[in-house]
Amino acid sequence: MTNSNSATKISTVVAKPKLSLVQIFTMSFGFLGIQFGFALQNGNTSRILRSYGADVDQLPMFWIVAPLVGMIVQPLIGHYSDKTWNKIGRRKPYFLTGAILSSLALLFLPNSGALSSIVPALWVGAGMVMIMDASFNVAMEPFRALVADNLPNSQRTVGFSIQTFLIGLGAVVGSALPELLGKNGFSMETVKDGVADNIKYAFYIGAAVFMIAILITVFFSKEYSPQEYEQFHGKNNEPDRPVLSEIFKDFAKMPKTMKQLGLVQFFSWFALFSMWVFTTDAVATHVYGLTGDYSKSIAYNEAGNKVSSAFGVYNLVAMVYALFLPIIAKFIGRKATHASSLLAGGLGLISIYFIKDPNMVTFSMVGIGLAWASILSMPYVILAGSIPAGKLGIYMGIFNFFITMPQIVNGILGGWIVKHLYGNQPIYAIVLAGVFMLCAAVSCLFVQDANNTQAQSV
């Protein structure tokens, strides 16, 4: 495009109007349901798979299918959501579809044992994890693009922070639910089909919350029409190409900021994957002192409940901290905000190694909560300003590569490392996760954030 054409394009672009906090809140409300489901998955999937017969070193390979599918699905969803305009909206059809599939997976995962006479429960459960995670991502990434679609740059930090607040709220309740149900009459004893009642009913409630939250966003938020979108973003004059051709072309042309953030995301999500996969067994063995075949014991379920509740704490911290991110970013900048948050997360993960009292796990989650709030918002705030008009969906999908790839690498290597290098002591996987989070903090300092100004951060 020539300079004169660029000038013409810029002159015709109209600034997007600011939205009220209520509008931003309604637009993002579906995230509460998404993270309610994520919390149940992250806090309980490993122990469900263990109850179906998985060994601890096999867990990463069962988790790996989900990010692998997500890596393929996300760019496609991003591409098609950029091109979709129908009666429901532009992004809404995708996160509504994702919500329906996710809710079904939440219902079926704890009941995988019912099909054990036909297919081993472990394989059914692994399949449900794959469908669940892929569906969560189908629902989540169009939400990221929706915020970038609707908000001016000056409100993006606030928008992503409100998303993170709602994510934290959903995750706090979702994480605490299994233990809460266990303390209120639901059995915590592993039954014949492999899953205790407190976990089953937590997943049933999660499916309902997921759908209700998504429907609130679908019915009570708006998307700009194609004409309005062009007015606010400018016209995308690039010709339509075959899907894969366009994805590869956009991947090759990704902004420099995205490449730099990719390294930060690699370290961050490698660490998170280890935390979600191994924390239950790390706490069960290193803190509770369980040995032998403990995966079906009540003590193991108690350790699992403790970890799930502790995950609720890091989400509670994230929920509150998210409200302060715009203020902190205003004073020290977005890069420094993200780097300092990741530093806290790394120290929190490493501290688990030194814990002997199960109740102390809660305190380790404070630092992790600071990192989690920032991971869910600051990279997207930094990224959004560097993406060309009309490409928000596909680049948000491509950016998902930097979330799924480290999980895939960890899934391939993590179990082997735990078995052969760590002697089946998963606590060392948690320590390595902390080290990787510290590496993410350092690499964040080298990210180019050309759109950052103090005025834009609030």
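Laboratory data are not the source of any read-out in this text; all were calculated from the coordinates shown. Since we're looking at a predicted model, the values are computed, not measured. Positions of Cβ are backbone-derived with ideal geometry, glycine not excepted, and every protein chain shown enters the neighbour counts.
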How large is the Kirkwood hydrodynamic radius of segment 158-214, counting all unique pairs of alpha carbons, in Å?
12.5
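Rank the residues His338, His420, His286 as a footprinting-exposure proxy: fewest other Cβ atoms within 10 Å of their Cβ go first.
Least to most surrounded, the residues fall as His420, His286, His338.
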Given labels modelled 7 Å from the Cα in the Cβ direction, how far is it in nm from Lys222 to Tyr353?
5.5
I need Lys419, Lys16, Lys87, Lys259 ordered by Cβ neighbour count within 10 Å, fewest first.
Lys87, Lys259, Lys419, Lys16
Residues Phe402, Phe220, Phe203, Phe311 arranged by fewest to most Cβ contacts within 10 Å
Phe220, Phe402, Phe203, Phe311
If the limit is 29 Å between Cα atoms, which of Lys18/Lys330; Lys200/Lys222; Lys200/Lys335; Lys83/Lys256; Lys16/Lys330; Lys222/Lys259 go over it?
Lys200/Lys222; Lys200/Lys335; Lys222/Lys259
